[in-house]
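J.: Okay, handing you the structure first.
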Amino acid sequence: MCVEDDPSGKQKHQQVPSTGTLLVDTSRRDQVGEFRGVAGPYWSLRPVCGGREWEADPANVRAPSPMERLRAEIARCNARSEGRIL
């Protein structure tokens, strides 16, 4: 579990998501990635269509909107149909 500062000055705990959960990294221009695990104080995310994982600060990660989720799932399906990912 990670801890982040609340604007009220209190600390709150952020729940670690399940592997494969789609998340948005706001520090990378709202890039959507799959949660892969915890790496020290950071969360490892992987691009939806495959590629190199990156580490994100949990304070900069949020759940995707329905539209972001749909776009990511369509991009993954297209990549699979083109043979780019399995």
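J.: I'd like to check which strands (runs of 3 or more DSSP E) are fully inside the range 18-86 and have at least 3 residues that are touching a residue at least 60 places away in the same chain (Cβ under 8 Å) and touching a strand residue (DSSP E or B) at 6+ places or on another chain (Cβ under 9 Å).
T.: Details: elements: 22-25, 31-39, 42-47, 54-56.
No strands (runs of 3 or more DSSP E) qualify here.
J.: Take the residues in the range 75-86 that are surrounded by fewer than 11 Cβ atoms within 10 Å (Cβ to Cβ) and either under 14 Å from the mean Cα position of the chain (by Cα) or among the small types (Gly, Ala, Ser) (or both); name whichever of them is modelled with the lowest pLDDT.
T.: The extreme case among them is Gly83.
J.: If I filter the range 41-74 down to residues being at pLDDT 95 or above and of a type in the set (Gly, Ala, Ser), which single residue comes out as surrounded by the most Cβ atoms within 10 Å (Cβ to Cβ)?
T.: Ala56
The values are calculated or read from the model by the stated rules, or taken from the named source; none is laboratory data. All values reported here derive from a predicted model rather than from experimental measurement. As a convention, Cβ positions derive from the backbone with ideal geometry for all residues, glycine included, and neighbour counts pool all protein chains shown.
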